[in-house]
Structures are given as structure tokens and as C-alpha cells.
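Readers should treat all values here as calculations from the given coordinates under stated rules, not as data from a laboratory. Computed from a predicted model, the values in this text were never measured in an experiment. When we count neighbours, we look across all protein chains shown, and the Cβ atoms used for this are built from the backbone with ideal geometry, even at glycine.
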Amino acid sequence: MAFQGPFLSLDMPLIIENYQRLTEECKANRVTLVAVSKTKPTEDLLQMYQAGQRDFGENYVQELMEKQKELPGDIRWHFIGHLQSNKVKYIASFIHLIHGIDSRKLLKETDKQAALNNRVIDVLLQVHIAREQTKFGLSEEELEGVINSLKETPLPNIRVRGLMGMASYTEDENKVRSEFTFLKTLFDRYHSDKSRQISWDTLSMGMSGDYKIAIQEGSTMIRIGSLIFGERNRIN
Ligand SMILES: *Cc1c(COP(=O)(O)O)cnc(C)c1O
């Protein structure tokens, strides 16, 4: 058991200790750690910032906007939730990476808002890899469609950096592994496709419960919440 519990009443020293252990593991595997700080107060984020963390993931636009205003300017903010097109404008000026792009419509809106802010926004295309019905994301065919549409009509103010996916929430390791393997296969299929001018470097897969499997299957970026911060105060 690498991490200490119980998580419901974690104190800061324990959070930092968990964080540092995870950082070592990420470094050894050349994986980027995104600390998922949704529902956590800004003081907790600031403590982690002081311990060296710069990549933070949030999945509510309103909460992200409030935290971004209060916290240091060199934080790299990741949007990891389901983003509605009409909300892109609120985060377009500062967002570092949007993980959950799952439609051409959202891509176009992100491109438009990036242009209005005179910048290029990095995004990941979210693929639906879990066999449960509840998760968002593109199917294999839809992914192909989006990639082809980008070739035909390039969007100059977005840059697709790779793929993101969430595995099924299950104890069945083989199922989780096969879902990650599938995502890695798609990543490899496109990641250096010169004819389409694609150059990908980011495969965002792995959360608290399955990040070890994700790393074994080729993840380059893991999104970790409860393993660092403890259980969340409300259900998401
Ligand atoms: C909440 C969340 C995470 C982190 O989940 P944990 O199990 O707490 O590590 C990762 N990715 C997404 C998309 C999330 O919404």
C-alpha cells in the first residue's frame, strides 16, 4: 500500500507527502502529473503550489475562473470536465490545455475564442473508451471524422496535442487495461501522421484508481485527485 489513509480527514502534511511520492513516480516514468483540485479550497492548491506543483485540473468553469483569479499566474490550468461550447469564452484567455474536446462544434468554438484572445489553445480529443454508456467522448469513427475535418478545414488557433480517455470504473484490471490499450492504439495511429500534419505528444489517461495501469500502457499525463487530496466533499 503506497499511500496512506484514511482519506476523509487528510491533513496538509499528508497531502504533501502523498504528492511528493507521486511526483517521484511520475518523474521516473516521464509522465506529467495534473493535480485535480476540483472542489478543493484555494488554500490547498496554494500549499501544493508551494511544494512545486504547477499543473492543476478543474472541471467546473465557474470554479476554475474563481481559482484562476486568486492563484499565482504561472499555474497551468487544465480543463478536464465536459465543456459546453457557450462557456469556452470564459476560460479562453488563460487555459493551458482542454482535455475533453468531443465534437467538431466545440473545436470550432475553441478556435474562435482563441483567435479573439490572440492565442493558440492546446486541446486533446476525448475518446469514449469505457464500455459504460455514461461517459463522454468520441467513438473511433467520430475521431477519424474530426481528424479528417481538421485536414480539410484547418483551425489555425487550436493545436491538437493528443488524446484523452477515461476507463471504466471497475475493479476488473483486465478491462481497464484493454480500454487503455485501445486508446494507445488510436494515439499511435495518428500521432505522427505526416500526411495529415499531425504531431501529437500527449496521451492523458489514468486517475487515482488506475494510473499505474495507465502508465504501463503508455500514458504521458495522469489526472490525480483523491489520491493526493483525499475524497471530495461532493460527488462529481
Ligand atoms: C475528477 C476527475 C479526475 C480525478 O479523479 P480521482 O479519481 O479523484 O483521481 C480525473 N479526470 C477527470 C476527467 C475527472 O473528472
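Using label points projected 7 Å from each Cα along Cα→Cβ, tell me how many nm separate D188 and E24, to one decimal.
About 3.1 nm, to one decimal.
Counting Lys and Arg as +1 and Asp and Glu as -1, what is the net charge of the other residues whose Cβ lies under 13 Å from the Cβ of S103?
Summing Lys and Arg as +1 and Asp and Glu as -1 gives -1.
Could you tell me the distance between the Cα centroids of the range 129-179 and the range 44-80, to the nearest Å?
25
Can you list which of the trypsin sites (Lys or Arg not before Pro) found in the range 32-89 are DSSP loop residues with at most 16 other C-beta atoms within 10 Å?
Sites meeting the loop and neighbour criteria: R54.
Treat every Asp and Glu Cβ in the range 1-130 as -1 and every Lys and Arg Cβ as +1, leave all other atoms uncharged, and give the resulting dipole magnitude about the Cα centre to the nearest 20 debye.
About 600 debye.
Tell me the relative contact order for the chain as a rounded percent, counting alpha carbon contacts under 8 Å between residues six or more apart.
Here the relative contact order equals 21 percent.
Projected onto the charge dipole of the chain (+1 at Lys/Arg Cβ, -1 at Asp/Glu Cβ, origin at the Cα centre), which of T185, S85, I215 gives the Cα projection farthest towards the positive end?
Of the options given, the answer is S85.
Any idea what the dipole of the range 84-236 comes to, in debye rounded to 20, about its Cα centre with Lys/Arg Cβ at +1 and Asp/Glu Cβ at -1?
The calculation lands at about 620 debye.
Note down the net charge around Q84, summing +1 for each Lys or Arg and -1 for each Asp or Glu among other residues with Cβ under 12 Å from its Cβ.
Here the count lands on +1.
Tell me, what ³J(HN,Hα) does each residue in the range 83-100 have, in order and in whole Hz, if you take phi through Karplus 6.51 cos²θ - 1.76 cosθ + 1.60 with θ = phi - 60° and put x for Gly and Pro?
For the range 83-100, the Karplus curve yields 9, 8, 3, 6, 10, 4, 4, 6, 10, 4, 6, 10, 5, 8, 8, 9, 7, x Hz.
Along the charge dipole of the chain, pointing to its positive end and built from +1/-1 on Cβ of Lys, Arg, Asp and Glu, which listed residue (I15, G162, G52) has its Cα farthest out?
G162
How much length, in nm to one decimal, is gained on full extension between N148 and Q84, taken as 0.36 nm per residue of separation minus their Cα-Cα distance?
Computed gain between N148 and Q84 is 20.8 nm.
By how many nm would the segment from R159 to K175 lengthen if fully extended, with 0.36 nm per residue of separation less the alpha-carbon distance?
2.6 nm
By the scheme Lys and Arg +1, Asp and Glu -1, what is the net charge of all other residues having a beta-carbon under 15 Å from that of D11?
Taking every other residue near D11 into account, the sum is -3.
Treat each spin label as a single point 7 Å out from the Cα along the C-beta direction, and report the A51 to K108 distance in nm.
4.4
Exceeding 25 Å between C-alpha atoms, which entries from my cross-link table qualify? They are K38/K69; K89/K212; K40/K105.
Beyond 25 Å: K89/K212; K40/K105.
Q126's amide H: which non-local residues (gap 5+, or another chain) put their own amide H closer than 5 Å, with H modeled 1.01 Å from N in plane and none for Pro or chain starts?
For Q126, the qualifying residues are I101, D102, L138, M164.
Convert each backbone phi in the range 180-185 into a coupling constant with the Karplus relation 6.51 cos²θ - 1.76 cosθ + 1.60 (shift: θ = phi - 60°), then list the ³J(HN,Hα) values in order as whole Hz, x for Gly and Pro.
5, 4, 4, 5, 5, 4
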